[in-house]
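**Q** Please read through the structure below; I'll follow up with questions.
Where a number appears in this text, it was derived from the coordinates with a stated rule and is not lab data. In this text the structure is predicted, and so the values were computed from the model without any measurement. Note: ideal-geometry Cβ built from the backbone for every residue, glycine included; neighbour counts use all protein chains shown.
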Amino acid sequence: MVSEEAALAKFLPIIGWLQQYRRQDFNDDLFAGIITAILLVPQGIAYAILAGLPPQLGLYASILPPVVYALLGTSRTLSVGPVSVAAIMIASALTAPEIQALGTPAESGLILSAEIGAIMLAMALLRMGSLVNFISHPVLAGFTSGAALLIIVNQLPQVLGIKMPTCALDVGCYAQAAQGFSPATLTISLSSLALLIFLGSPLTRLLKRLRVNLSLVTAISKCGPLLIVILSTLAVSYGQLAGYSVSIVGPLPQGFPTPAITFPDAEKWRLLLPYAGFIGLISYVESVAIAKVTANLRGEKIIPNQELIALGSANLTAAVFGGMPVAGGFSRTMVNFSAGARTQMAMLIAATLLGLSVIFFSSSFENIPKAALAAIILVAIFRLVRIKHIIHTWQYDSGDGMAELATLLGVLVFGIEQGITLGIILTIASHLRKASQPHIAVVGRVPDTEHFRNIKRHSVETWHHLLLVRIDESITFANVSYIEDYLAGELKRQPNTRHIVLILSAVNDIDATALDALEIFNQGLQALGKSLNLSETQDQVLDKLEKTDFFEQLKPGKVFARTEDAVKALG
């Protein structure tokens, strides 16, 4: 019975935290849920429009998918719903000519949700949760910065009230597009931007100086997007701005979405599948990364494979109930966390509030100006452009810095999928380069100790007939030639050497190719009257070598437990 309960709790993590749920937890979750719900309406609509989808797909994706994640997810504070980076990737997919030719964007959005969900569940079935480790942080940071810049450029027409020209170098076309400029739209945009900026850090600092309660500070500062939506909608509805070419959201379907699967087009499924793979992978990696940030702050644990199940199920739910693809959102999650959310009950409350809003007040969303939504997106996304991060990464590791910069430029120049692919290829190439040229040091003994250090960094004692070499990497087919060349170079510089001692304390493995090369190298040394010796060899390496006749071939060379023993025996 206990094992059955444990298995059920493993599949439904909500059971685990509900068993320990307290009244104070609910009070905290209620407050956080209300604050997070304030963000769901403007962000849901804004990110749907950013993706090129009808606004209701963003709202619907913010209701039931978070509920499904709350049941299955292992993060207690991750806020699941439409996100900006996935939205720009969806927009990239939907603007592909072959996709546009096969039907409406709404149908394509639902197919993407279904395919992303199916891909994530298949990955979970294959226990591929560790894939989260195969996209390095520099590549993810470069992609995020590049995608954020694309989003900013994408939103400029909404801010200015013009249509983005698609006429390459035709100056006349740009002039014609500029004629559609709307002063009223620009006024709404700039006013919204100014108010959002003020309601951020400046207001927070002011309220803290006035010693306002921290929870109230969080509540007030995070109400900015909703306040912008209310004020701009009132301006359009009662300020006669609609007559000045202000683009608005427009009519939305009334009531709660009914479950339906009405997109059987096999050709579109096939064409969208590669896009779904990329969007699903990036959404998963970002979601887990965000979940780990808040989990680490509270000593909680994220289970990557269970996250695949939760996010996959949430996306399938979005597809069935008319929503766009979903993932963990950074801004909503941090708002949820900062507002004091203790568990996913906060998101259940937020989703319930949004569901009631969609059922009873969806007509109130019609006059929301797109310019105000664009301002909300710009303020939320601007912090994701991290150019300084590239500089810091480059200073620490030029290979990672190059991969991050190449990913950013690749996203901007070639496209999102190509940029990510380029970054991953460069990261792998950098890793292979490092693995093929491991750090090797000739070492000597620190006087009056048994410690051995690099002769280029420390004042140590050495021996003219004894060469101590420490290899700081596993010896494999990729680097054994480099190691041989290094040893040959040292022997050429020190021709009186009679004994070579390889210090293998950092060597976790010696593969078959490397073993063959070491045997040949040892034979060459013996022909010259020199010996090859090993010291500090790890147990798993010794176990592998004992299965061969290497130790017999090594004689008169020996295997020493400590480098100090080798020096005493051979010195």
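**Q** I need the calculated FRET efficiency for the pair residue 484 and residue 96, taking r as the beta carbon distance and R₀ as 41 Å, to the nearest 0.05.
**A** The pair residue 484/residue 96 has a calculated efficiency of 0.25.
**Q** Further question: Percent antiparallel among DSSP beta bridges with both residues in the range 440-570, to the nearest 5?
**A** 40 percent
**Q** Next up: So for 334, 347, fewest C-beta neighbours within 10 Å to most, what's the order?
**A** So the ranking, lowest neighbour count to highest, is 334, 347.
**Q** Okay, helix-only estimate at 222 nm for the chain: each DSSP H run of n ≥ 4 adds -39500 (n - 2.57), divide by all residues, round to 500 deg cm²/dmol; what do you get?
**A** The per-residue figure over the chain is -20000 deg cm²/dmol.
**Q** How do the peptides 151-162, 10-21 rank, highest first, by the average count of neighbouring beta carbon atoms within 10 Å per residue?
**A** Those peptides, ordered most packed to least, come out 151-162, 10-21.
**Q** Something else about it: Compute the distance in nm between two label points, each set 7 Å from the Cα along the Cα-to-Cβ direction, one at residue 457 and one at residue 551.
**A** Calculated label separation equals 3.2 nm.
**Q** Any idea how far apart residue 383 and residue 516 come out in nm if each label point goes 7 Å out from Cα toward Cβ?
**A** 5.6 nm
**Q** State the extension gain, in nm to one decimal, for the chain segment bounded by residue 213 and residue 130, taking 0.36 nm per residue of separation less the distance between their alpha-carbons.
**A** Using 0.36 nm per residue and subtracting the Cα-Cα distance, I get 25.7 nm.
**Q** Would you indicate which of [x] 29.3, 90; [y] 26.3, 93; [z] 30.3, 98 is the value of Rg and Dmax of the Cα atoms in Å derived from the coordinates of this structure?
**A** The listed entry that was calculated here is [z].
**Q** Between residue 425 and residue 254, what is the label-point separation in nm under the 7 Å Cα-to-beta-carbon projection?
**A** 5.5 nm
**Q** Only Cα pairs under 8 Å and at least 6 apart count here; give the relative contact order of the range 440-570 as a rounded whole percent.
**A** That works out to 22 percent.
**Q** Something else now. Give me 208, 434 sorted ascending by neighbouring Cβ count inside 10 Å, so fewest comes first.
**A** Neighbour counts put them in this order, fewest first: 208, 434.
**Q** Next up: By the scheme Lys and Arg +1, Asp and Glu -1, what is the net charge of all other residues having a beta-carbon under 9 Å from that of residue 74?
**A** The answer is 0.
**Q** Follow-up question, since we're still on this one. Taking every DSSP beta bridge that has both residues in the chain, what percent is antiparallel when rounded to the nearest 5?
**A** Approximately 45 percent, going by the DSSP bridge assignments.
**Q** Nearest 0.05, what FRET efficiency do residue 297 and residue 30 give at R0 = 30 Å with Cβ-Cβ as r?
**A** Here the calculated transfer efficiency is 0.90.
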